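The values are calculated or read from the model by the stated rules, or taken from the named source; none is laboratory data. In this text the structure is predicted, and so the values were computed from the model without any measurement. Every residue, glycine as well, gets a Cβ built from its backbone with ideal geometry; the counts of neighbours run over all protein chains shown. What goes into the accessible areas is simple: the full protein's heavy atoms, side chains included, and nothing from ligands, DNA or RNA. Shrake-Rupley method; radii C 1.70, N 1.55, O 1.52, S 1.80 Å.
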Amino acid sequence: MLDLKFIRENPHLVREAIRKKKEKDRLDEILKLDADRRELLQKSEAIKSERNKIADDVAKLKRQGQDVSELIAAGKSKGDALKNLEDSLKKVEEKLNELVLYVPNVPHSSVPDGNNSDDNVEVRKWGEVRTQKDLDFKLTDHLTLGEKLGVLDFGRGSKITGAGFPVYVGKGAALERALINFMLDLHVSKHGYTEIFPPFLVNQASMRGTGQLPKMAEDMYHCEVDDLYLIPTAEVPVTNLRRDEILPVEQLPTKYAAYSACFRREAGSWGKESRGFLRVHQFNKVELVKFSKPEESYDELEKLVADVEEVLQLLNIPYRVMLLCAGDLSFSAAKCYDIEVFAPATEARNGWLEASSCSNFESFQARRANIRFKRDPKSKPEFVHTLNGSGLATSRLMVALLENYQTPEGKVIVPKALHKYTGFTIIG
C-alpha cells in the first residue's frame, strides 16, 4: 500500500494512478478521513495535556490540604471527552486503513502510457519465429497433439474436478517434472537463488501482504472452515516468509526460488481463446522473489528478467520481452515486463503467450507486510523493495514446447537441456 503521507502530498499522482489502472476513485474520501484523523489526534493530545495538568494540580493541592473535588470532577469530564474522541478516532482509522488497501501502486516514470495490452511496448525479441508458412507440414495445436500422443488428458481432468484442471500422463508428466527441476536447478546453482518449498495454503494476512486481499478476494479459492486460501502463485507465501521482519542490509538482495501449484478461480470466457493450457484454474510455476535496497531495485528487475530469459534461451524457445503500459499494470506493480513465448499453432493472440511477468512493487508490498531493513545498527528501519517474476509458468511452456518441437511425423523432440531430467529425447 502507499504511505498516507505520500497520498496526502501527491494526490495528483495517486489520482492519475487510479485512473490509469482503472480502479475506483476513493481518494476524496481517503483525504477527508486523513484530515479528520489528524484533527482528532490534535484534539486528543490537547485534552491529554489538560488532563495531565489537572492531575498535577490535584496532587499539589492535596499536599496543601485543600479541597480538590471540583478538579477531580473536571478531570473526569476530560477523561470522558478523551474516550469519546478515541472511539471516534478508532472508527476513522479503521475506515481509512480499509480504503487505503484499495489504492493501487503508482506506475514508475519509465512506464509508458496506455490503456491495455495493445499499448505495451516490445523491448526485444529472441529466437527464430517459425510460422505455418515457413514449414512444409501442417502444424497441430498443443491440445490436439498432446491428446493424440497420450501425454495430456483434459477430458478426464474435467471429470475428476472440472474444466481447467489438466491431467499430465506418462511422458507428459515426466516432461512437466523435468521443466520444474531444470528451472529450479538453473536458478539455484547459476543465478544464486535460495530454494523454498512453501505451503500451498496461506492465511488472510499473507494474502493481504502481497496485495491479493481485499481487492481480488473473488478470484481466490477460499477454504471457509479454516479461513485459508489456495495460493494463486508462490509469490504469496515466499514474500510473506519475511513478514514483520527487519533484514540486515548485508542480506540484500535476498533471492528465493520456489515451485508451487497455482490456483486461480478467474478463467475468462471459454472457447477458442482458452483451449487447453491457454486458460486453466490450476497450473505449475517456478517463482522468483527478491528483497532489495530501494536504490538497487530497478537494476535487480533487469537482472530478474535476464534470469527468466536464460531459461527460454536454453530451451531454444522464441520469445519477446514486453514493457507493460500503465493501463495493463497489475494493482500492486510499479513496473512490469511480460515475457511472451511463441506458439506457432496457437491462432489466438497471434501465437504470443505470456509465460512470465517480472514486476517491481517498490515498497508497496513491503509496507503491507511490514518487511524492512536497517542500513546499520543505529539507523532507522526502512521498507525494502520487493520484486518477483515467473521463472517460469510451465503451462505456457508446455504449449510452446509441443508446438515448436513437433515433427512432420507428429512426434515431439525434447529440448537438449531437458534430456538429463526426462531420460528420453523424443515423445511419440
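Here are a few things to note about the model shown:
- Annotation for the range 151-212: trypsin sites (Lys or Arg not before Pro) lying in DSSP loop with at most 16 further Cβ atoms inside 10 Å of their Cβ are LYS190.
- Virtual paramagnetic centre 7 Å along Cα→Cβ of ARG349, amide N under 17 Å, in the range 291-333: 309, 312, 317-325, 328-330
- Sites GLU128 and VAL188, calculated FRET efficiency, Cβ-Cβ separation with R0 25 Å, nearest 0.05: 0.30
- Under Karplus coefficients 6.51, -1.76 and 1.60, residue-wise ³J(HN,Hα) of the range 162-170 in Hz, glycine/proline x: x, 4, x, 10, x, 10, 9, 10, x
- GNM flexibility winner over the chain from MET183, MET216, MET398 (Cα, springs under 10 Å): MET216
- In the full protein context, the chain carries 48 Å² of accessible surface per residue, based on a 1.4 Å probe and ignoring ligands, DNA and RNA.
- Förster radius 35 Å - calculated FRET efficiency between ASN116 and LEU201, Cβ distance, rounded to 0.05: 0.60
- Per-residue extension of 0.36 nm, minus the Cα-Cα distance of LYS378 and ASP227, leaves a gain of 50.4 nm for this segment.
- Computed over neighbours whose Cβ is under 15 Å from that of GLY75, the net charge equals +2, Lys and Arg +1, Asp and Glu -1.
- Residues whose amide H comes within less than 5 Å of that of GLU362, counting only those at least five positions distant or on another chain, are ALA334, THR386 (H built at 1.01 Å from N in the peptide plane).
- Take the Cβ atoms of PHE331 and VAL249, set R0 to 30 Å, and the FRET efficiency comes out at 0.55.
- Ignoring aspartates and glutamates fewer than eight residues from LYS20 along the same chain, the ones with Cα atoms less than 14 angstrom from its Cα are ASP113, ASP119, ASP328.
- Of the solvent-accessible surface of the range 311-428, computed with a 1.4 Å probe and all protein chains present, 46% belongs to carbon and sulfur.
- Entries of LYS21/LYS133; LYS215/LYS255; LYS24/LYS78; LYS148/LYS215; LYS24/LYS255 with Cα pairs more than 31 Å apart: LYS21/LYS133; LYS24/LYS78; LYS148/LYS215; LYS24/LYS255
- Taking 20 Å as the limit for the C-alpha separation, the pairs LYS43/LYS76; LYS5/LYS290; LYS293/LYS335 exceed it in the case of LYS5/LYS290.
- The range 363-421: GluC sites (Glu not before Pro) falling in loop per DSSP and having at most 16 other Cβ within 10 Å: GLU409
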